[in-house]
Amino acid sequence: MKIAFCGDSFVVDTSDLSWPGLLSKEYNAEILCKGISGLSLYHAYEKMVEHINGADLIIFCITDPSRLSNPFKLPITIDQAIDKNAFIEIKDTKKYRHSHGILPSVFNYKELQTAVKYYYKMLYDDSHMETTHRGLLREIENVVKKNNKKCIFLKCFSESFPDYTPENVVWGNLYLYEDISMKESNFDSNTISKDERKNHLNDKNNYNMYLFLKDIIDKDDFTPREVKMEKYFK
């Protein structure tokens, strides 16, 4: 089996005790890709398309609409507009080349930080981002259906499905952040970016997520539907 794990920081850790690692071991599966912290839905979609032909199963952690896609494929989230530690991935010794939609240009990290700050301050429109997000969800599902792939959606946040109901995939009913991660006893409410847990879950809930997904995979029923998760995350 070959599994494509797509999404953000809820599927970035594939080590032994993480839920992707446990699934990989259970099925002796090859991991084709994994998530990237702070990644937008569009860039996660690009990663899925890159591996669609080789994947036997796609598990997609759906982020929220506020994350900004960009030609540099950098993780950009709304917190970075005010966080003094924003763009920690951007190195001050590197130049970033933009070559899509405008004349080829090179920017340094300070210019990018300023651009994002003022985008979220002056230009960000949540209604537009939610509409675009729904369009991307439909496109992801269309690609899954066209390629006859088995796919499971996991909702990372309460905004992950903005007025949207999937039609071609299986999905879990709980929000990974609000319903599971935040309710753990070792949850640090300061910021999710400082979370040292595997995929923002403790070892017990990584195992519970593994059990939840394993039951779906073993039944081999990928009829589009919502699957209840409460019995795994009491």
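Calculated FRET efficiency, residue 97 to residue 31, Cβ-Cβ distance, R0 = 30 Å: about 0.50 to the nearest 0.05.
A simple spin-label model places pseudo-atoms 7 Å from Cα toward Cβ; at residue 138 and residue 164 they are separated by 1.1 nm. Under a Gaussian network description of the chain, with springs only between Cα atoms under 10 Å, the residue in 71, 20, 166 that fluctuates furthest is 71. The separation of region 114-150 from region 1-59, counted between C-alpha centres, amounts to 19 Å. Taking the chain as a Gaussian network of alpha-carbon nodes connected by springs under 10 Å, the highest mean-square fluctuation of the residues 109, 42, 177 belongs to 109. Given their separation in residues at 0.36 nm each and the Cα-Cα distance between them, residue 2 and residue 111 gain 35.2 nm when the chain is fully extended. For the residues 62, 216, 76, a GNM of the chain with alpha-carbon springs under 10 Å puts the largest fluctuation on 216.
Would you work out the relative contact order for the chain, in percent, from Cα pairs under 8 angstrom that are 6 or more residues apart? Could the numbers behind the result be given before it?
On the way: 395 pairs, mean separation 49.0, N = 234.
Reported as a whole number, the value is 21 percent.
Among 48, 129, 209, which comes first, second and so on when ranked by fewest other beta-carbon atoms within 10 Å?
Details: 48 24, 129 20, 209 27.
Sorted ascending by nearby Cβ count, the order is 129, 48, 209.
Please work out the Kirkwood hydrodynamic radius for the chain, using every pair of different C-alpha atoms, and report it in angstroms with one decimal place. Write out the running numbers ahead of the final one.
Details: mean 1/r = 0.0541 Å⁻¹.
Result for the chain stands at 18.5 Å.
With r defined as the distance between the Cβ atoms of residue 219 and residue 185 and R0 fixed at 45 Å, what FRET efficiency is calculated, to the nearest 0.05? So the FRET efficiency works out to roughly 0.90. Mean residue ellipticity at 222 nm, helices only, the chain: -9000 deg cm²/dmol; runs of at least 4 DSSP H residues each add -39,500 (n - 2.57), and the sum is divided by the number of residues.
Coordinate-derived values only; no laboratory data. Bear in mind that the values here come from a model prediction, so they are computed numbers and not experimental data. Positions of Cβ are backbone-derived with ideal geometry, glycine not excepted, and every protein chain shown enters the neighbour counts.
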